[in-house]
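K.L.:
Just dropping this structure here.
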Amino acid sequence: MRAVLMAGGSGTRLRPLTCDLPKPMVPILNRPIAEHIINLLKRHNIYEVIATLHYLPDAMRDYFQDGSDFGIQMTYAVEEDQPLGTAGCVKNIAELLDETFLVISGDSITDFDLTAAIEFHKQQKSKATLILTRVPNPIEFGVVITDKNGKINRFLEKPSTSEIFSDTVNTGTYILEPEVLEYLPANTECDFSKDLFPLLLAKDEPMYGYIAQGYWCDVGHLDAYRESQYDALEQKVKLDVAYKEVSPGLWVGQNTYIEPSAQIEAPAVIGDNCRIGARVQIEGGTVVGDNVTIGADANLKRPIVWNGAIIGDEAQLSACVIARGTRVDRRAHVLEGAVVGSLSSVGEEAQISPFIRVWPSKKIESGAILNINLIWGNTAQRNLFGQRGVQGLANIDVTPEFAVKLGAAYGSTLKPGSKVAVSRDQRNISRMVTRSLIAGLMSVGIDIQNLDATAIPITRTVIPTMGVVGGIHVRVHPDRPDYILIEFMDAQGINLSKSKEKKIEGAYFKEDMRRSQIQEIGDVAYPSQVADNYCTAFENCLHIDSIRNSRAKVVIDYVYAVSGAVLPQMLDNFGADAVVLNASLNKSTMSAMNREALLTQLGHVVEALKANFGVQVSANGEQLILVDESGIPIRGEMLTALMVDMMLTSNPRGTVVVPVHASSAVEQIARRHDGRVIRTKANPTALMEACHKNPNVVLGGSGDTGFIFPELHPGFDAMFCIAKLIEMLTIQERSLASVRSELPRVIHKAYTMRCPWTVKGSLMRYLVETHPAQNLELIDGVKICQPYDDSWILMLPDASEPLVHLYINSNDREWVDDTLRDYRARVQMFIEKEEEEMVAEV
């Protein structure tokens, strides 16, 4: 027997799910409805299927092809010009139907006994048998009345409330004899229920109804779609699940990794190649598609998540539908009944209200609260550059195709034939992104000086000597190990200015990239002696004799993030003893907890070896944490103050550059040495530019960002910092412990609060308007200073996340505690008030 699978129309009541997908291809338990129907047909020995297609026909043809992969023979009949209706499309293929055949709707889920229905049809010698079922509310369906033998007496297609005369309805599945098609006109739109069946009834042709037992759901609207998923999970309907049942009611696909701390309730389905993060909570009733990533601490309460979706850390999904390839960022909320169309993105801390629909390829901005359906408009453009270069989730935001386009956009802002230096850290992901960037640059006629795996301080040092117009460095983000960071530099090795970043963004978003002819494609060169050039510049900025006389012993921990480092060899050449720990490259990224364990280990080794100090190096050679001779870590504000004190001791009346939030210990130390302090915005580019533009700068940066030594190069350099420390400790005849004991005692606290993007500007305005102008500093954020001393509080909006940072500084601990408590309450009250007003406006 043959079956005709009717694909149906465009499924307007299922939108936005059917905007780019026909109804039969909408997934139930991660497999198209049509595949479940085919599995049902096979269970009843029906292996020849003809699919009638009209809306987006290629989706089904591409998936099933000739049907051989699914154990059937599949052919297709496409209504090219106009839809012919349920009966008209079958009439169109009448020459293929020369014996009893079955017609089944492509948008229903069922486990009816088709074999029994076919046997009933034959026993009754019926010309047309409708498979019926009983439902509580028949308004949505065609109602049918039969006599005691099953012969149909009357039916009505989708009755009104006053017209209901039975709870027995038409399921859209029919068993037909080919001669009934002779009643239908050719190439004319007609329907089984409205046209053919009333005609057969009038002609007194034998037409029967078979009342089937079992499950049936017409997946005609979004509520029915969700219910059919939940029913399938609870096994109310017999469906084949494509995955192994690893425990009762829990099906998990192949190559899926679930963190041990994740909590998953049954029933649930998790597809192939998924990654479920730490402490994720998945409630029973959840369906997760193939190739889905769920970030740490996310909470999923019965959502339906389609293939390829990305769910960020701490996201909340409640009985919603997240369609193919959609991204839900960190702390976003998608509430009950909401539907987000394919390839959309929901920004950080955004909220989609209950039962809201978002059409495909839409972007909800970070912090937005969406209370109306989002149908029109294109994906919003976002800024490529953040506070520090271009960054994003590795191989999710920052992909090879993204990097090719970014490289071409950057190259298009340069003159053809220009040279650009490119370097990276030693991770495989960085190698992949770098090669893609190089391909993009070459395609627009830019020549490459490929430095390969090179620490970023070395790159910044050699760029001014290479005749290049700029440079790019690719690495795993220092603060977010799942992110990639791409930094662009000018000819001096300084991060690009905002105006140049805007030019690259313009070329990227407008796709305004030139294309070079074959003979103009860029070349790639691999310069030699790069490390030697760095070492030479390094030595020229040090008192080598002081280091040689020191006979210092230093323990350096590379945290499994680098191999073949140049510093130990240089220190050895200088006569210092460098003991190296964890210098091999580990493919997995280090968590903060693991780094702390290694720092403790470093302290023990320093004590055991009686070393002068220890150093933990990170961020591809930019940042460091010190450990003194007693094994005690020196980091953060303590490290900033220590480096400022030592540099100004060596360079009285010198200038130091620090970020706006650094503690006032810096000014107190500068006063001791008649020095000058310049404060900048809290981003690396601002620090580099200030160090480059201002005279007599001897040090820039902080314990958090790393330190700049302008005499060497314009960037942060942990390697040079180590050598400089050995030099200064020797000349000043001090130890790290003694320097630390002489530092000013300043209380400096930091606290971070959630602050939606839409509130940041009004919060800053509120702070400015409610404090005297003479007490304010507006370098970055709003700093409120106390007259006559170094006490202050700084409110600094985060540049890349919906957060605001509070920094409080004073010599008086009680003032710090009271001020932090007061401003936390004031800021929280203001945020809540603003959010309430926004909701009221909507």
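K.L.:
Net charge within 10 Å of Tyr55 by Cβ-Cβ distance, Lys/Arg positive one each and Asp/Glu negative one each, not counting Tyr55 itself?
P.N.:
0
K.L.:
Next question, about the same structure. Across the chain, where is the longest run that never hits chymotrypsin sites (Phe, Trp or Tyr not before Pro) in a DSSP loop with at most 10 other C-beta atoms within 10 Å? Could the numbers behind the result be given before it?
P.N.:
Values: sites that count: Trp376, Tyr788.
Answer from the scan: 377-787.
K.L.:
Starting from the Cα of Lys500, draw a straight line to each of the aspartates and glutamates and keep only those under 13 Å, dropping any in the same chain fewer than 8 residues away.
P.N.:
Leaving aside aspartates and glutamates fewer than 8 places away in the same chain, those within reach of Lys500 are Glu487, Asp490.
K.L.:
Once you place label points 7 Å from the Cα toward the Cβ at Met753 and Gln254, how far apart are they in nm?
P.N.:
Going by the 7 Å Cα→Cβ label model, 5.2 nm.
K.L.:
Related question: In whole percent, and with a 1.4 Å probe on the protein chains, what portion of the accessible area of the range 286-394 is carbon and sulfur?
P.N.:
On the way: 1800 of 3810 Å².
Here it works out to 47 percent.
K.L.:
If you don't mind, there's one more thing I want to ask. Excluding residues fewer than 8 places away in the same chain, name every one of the aspartates and glutamates whose C-alpha is closer than 15 Å to that of Lys833.
P.N.:
Glu841
K.L.:
A 31 angstrom limit on the alpha carbon distance is what I want to check against. Which of Lys23/Lys91; Lys238/Lys362; Lys724/Lys783 exceed it? Working shown, then result.
P.N.:
Numbers: Lys23/Lys91 22 Å; Lys238/Lys362 36 Å; Lys724/Lys783 33 Å.
Distance filter (> 31 Å) returns Lys238/Lys362; Lys724/Lys783.
K.L.:
While we're on this one: Cα centroids of the range 84-122 and the range 174-210: how far apart, whole angstrom?
P.N.:
Taking the Cα centre of each part, the range 84-122 and the range 174-210 sit 12 Å apart.
K.L.:
Per residue, how much accessible area does the chain show when a 1.4 Å probe rolls over the protein heavy atoms, in square angstrom? Could the numbers behind the result be given before it?
P.N.:
On the way: 35260 Å² over 842 residues.
Result: 42 Å² per residue.
K.L.:
Roughly how far apart, in whole Å, are the Cα centres of the range 349-375 and the range 6-58?
P.N.:
28
K.L.:
For the range 248-307 and the range 794-815, compute the distance between their C-alpha centroids and round to whole Å.
P.N.:
Value for the Cα centre distance between the two parts: 37 Å.
K.L.:
Also, quick follow-up: Ignoring any ligand, DNA or RNA, what whole percent of the accessible area of the range 404-551 comes from carbon and sulfur when the probe is 1.4 angstrom?
P.N.:
Details: 3050 of 6450 Å².
About 47 percent, which is the carbon plus sulfur part of the accessible surface.
K.L.:
Ranked by accessible surface with a 1.4 Å probe, highest first, in what order do Met593, Met513, Met432 come? Please list the in-between numbers first.
P.N.:
Working: Met593 155, Met513 35, Met432 60 Å².
In descending accessible area the options line up as Met593, Met432, Met513.
K.L.:
Then there's this: Please report the carbon-and-sulfur percent of the accessible area for the range 742-809; probe 1.4 Å, protein heavy atoms only, DNA, RNA and ligands left out. Let's see the in-between values first.
P.N.:
Numbers: 1600 of 3080 Å².
Carbon and sulfur together cover 52 percent of it.
K.L.:
Where does the charge balance sit around Gly715 when Lys and Arg score +1, Asp and Glu -1, over other residues with C-beta under 13 Å from its C-beta?
P.N.:
Numbers: positive: Arg388, Arg460, Arg475; negative: Glu487, Asp490, Glu622, Glu689, Glu711, Asp717.
Charge balance in the 13 Å sphere: -3.
K.L.:
Once you order the gyration tensor axes a ≥ b ≥ c over the Cα atoms, which shape class does the range 377-483 get: rounded for a/c under 1.5, otherwise prolate or oblate by comparing a/b with b/c?
P.N.:
On the way: a/c = 1.79, a/b = 1.19, b/c = 1.51.
Since a/c reaches 1.5 but b/c is at least a/b, the shape of the range 377-483 is classed as oblate.
K.L.:
Where a Cα-Cα gap under 20 Å defines reach, which aspartates and glutamates qualify for Lys42, not counting those fewer than 8 residues away within the same chain?
P.N.:
Straight-distance partners of Lys42: Asp66, Asp69, Glu99, Asp107, Asp111, Asp113, Glu119, Asp240.
K.L.:
Here's a follow-up. So the label point goes 7 Å from the Cα of Asn383 along Cα→C-beta, right? Which residues of the range 504-520 then have their backbone N under 15 Å from it?
P.N.:
Flagged as within label range: 504-506.
K.L.:
Measure nothing but the geometry: give the 0 to 90° angle between the long axis through the Cα atoms of 498-510 and the longest principal axis through the Cα atoms of the chain, rounded to 10°.
P.N.:
Compared with the principal axis, the helix lies near 20 degrees.
The values are calculated or read from the model by the stated rules, or taken from the named source; none is laboratory data. Computed from a predicted model, the values in this text were never measured in an experiment. Virtual Cβ from ideal backbone geometry, glycine too; neighbours counted across all protein chains shown. These accessible areas exclude ligands, DNA and RNA; they are computed on the full protein's heavy atoms, side chains included. Shrake-Rupley method; radii C 1.70, N 1.55, O 1.52, S 1.80 Å.
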